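Values in this text are rule-based calculations from the coordinates and carry no lab data. Everything numeric here is computed off the predicted structure, so don't read it as measured data. Neighbour counts are summed over all protein chains in view; Cβ atoms, including those assigned to glycine, are modelled from backbone coordinates with ideal geometry.
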Amino acid sequence: MIAEYPPQLLAEVKAKTAGCQLTGFTPGQGPINPDLMLVGEAPGRHEEKVNIPFSGASGQELMGFIESIGYSRSTVYITSVVRQRPYSIKKVKDKKTGELIEKHPNRTPTKKEVLAFAPLFDWELATVKPRLIVPLGNTALQRLLGRNANIGELHGQLLHQKIQQANANHDGYQMSPTKYWIMPMYHPAAVLYARRLEPTIKDDWQKLGREIKILKK
Ligand code: URA
């Protein structure tokens, strides 16, 4: 397990996200030097409550996929590019009382929020040192490979390339000096709203299982 996040990086996130609709703080979880580092988008409501990444409905799907290739929650590192739950504010009518009530549903993090967390994520990656990075869905993929990367095109492909890191001023990205092994995967929530993707996602995970064995040789 990694030690605490560096306080100066946490303070920087706090300053840069002041005024953003973000709540809670769910740390990444798992062993150092794992075969796989799974990178999601941001914690959702369930993760915020229990403080465990991917512990809600999409987490259950994800556990099924990682167990299908012989791994488990305790043998992989699980994190996301944003460590707080992004929410929006919606006023809805209570069905029983007719009163207007405020709801705070999950939302996708903004580019500004992802950049605010970039130095923290860079530190986490450098500390964890996984053999293979597995971005789950477009938010994580584009954080690593840039805005033109698309999960529909790159899912299930083994890549060896430089990734985006926060630049020296932490106001944008630069490419990393070294290359990383990456295999992008659909976000496990994709299965929940598009069951037709399930066979493709299962095939991608089997491919990942084969590729990581080769990388370990
Ligand atoms: N989605 C993510 O990207 N991360 C979580 O922890 C849960 C849902």
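If I filter the range 116-175 down to residues being basic (Lys, Arg) and surrounded by 14 or more Cβ atoms within 10 Å (Cβ to Cβ), which single residue comes out as nearest to the ligand (Cβ to nearest atom)?
The first filter runs over the range 116-175 and keeps only residues basic (Lys, Arg), leaving 129, 131, 143, 147, 162.
This time we only want the ones that are surrounded by 14 or more Cβ atoms within 10 Å (Cβ to Cβ), so: 131, 143, 162.
Details: ARG131: 21, ARG143: 11, LYS162: 23 Å.
Checking each candidate, the answer is ARG143.
TRP205 fulfils the conditions (1) touching a Leu at 6+ places or on another chain (Cβ under 9 Å); (2) of a type in the set (Phe, Trp, Tyr); (3) under 18 Å from LEU36 (Cα atoms) except for a single criterion, (1). In the set ILE101, ILE66, ILE52, ILE89, only one residue is among the β-branched types (Val, Ile, Thr) and surrounded by 21 or more Cβ atoms within 10 Å (Cβ to Cβ); that residue is ILE66. There is no residue in the range 35-49 that is touching a Ser or Thr at 6+ places or on another chain (Cβ under 9 Å), away from the ligand (no atom under 12 Å from the Cβ) and farther than 23 Å from MET185 by Cβ. Scanning the range 84-114 for residues being acidic (Asp, Glu), outside any helix (DSSP H, G or I) and in contact with a Lys or Arg (Cβ under 9 Å, 6 or more places away or on another chain) gives a total of 2. On the stretch given as the range 151-179, residues that are touching a Leu at 6+ places or on another chain (Cβ under 9 Å), within 22 Å of LYS16 (Cα to Cα) and not hydroxyl-bearing (Ser, Thr, Tyr) total 6. Only a single item in (1) touching a His at 6+ places or on another chain (Cβ under 9 Å); (2) under 26 Å from ASN106 (Cα atoms); (3) more than 16 Å from the ligand (Cβ to nearest atom) is not met by TYR180, and it is number (2). State yes or no: is ALA189 of a type in the set (Gly, Ala, Ser), loosely packed, with under 15 Cβ neighbours inside 10 Å and within 17 Å of PHE65 (Cα to Cα)? Answer is no for this residue.
Within the range 168-203, restricting attention to residues that are without any contact (Cβ under 8 Å) to a residue 40 or more places away in the chain and assigned to a strand (DSSP E or B), the residue that is farthest from SER58 (Cα to Cα) is PRO177.
Restricting attention to the range 116-155, the residues that are within 19 Å of LEU215 (Cβ to Cβ), in a loop (DSSP other than H, G, I, E, B) and touching a strand residue (DSSP E or B) at 6+ places or on another chain (Cβ under 7 Å) total 3.
When PRO31 is tested against (1) over 28 Å from TRP181 (Cα atoms); (2) more than 10 Å from the ligand (Cβ to nearest atom); (3) in contact with a strand residue (DSSP E or B) (Cβ under 9 Å, 6 or more places away or on another chain), exactly one condition is not met: (1). Residues in the range 53-83 that are away from the ligand (no atom under 11 Å from the Cβ), in a loop (DSSP other than H, G, I, E, B) and not small (Gly, Ala, Ser): ILE69, TYR71, VAL76. Taken over the range 123-142, the criterion of being under 17 Å from LYS14 (Cβ atoms) and under 14 Å from the mean Cα position of the chain (by Cα) is satisfied by GLU124 alone. Out of all the residues in the range 120-139, is one or more over 22 Å from VAL50 (Cα atoms) and among the aromatic types (Phe, Trp, Tyr)? Taking every residue of the range 120-139 in turn, at least one turns out to be over 22 Å from VAL50 (Cα atoms) and among the aromatic types (Phe, Trp, Tyr).
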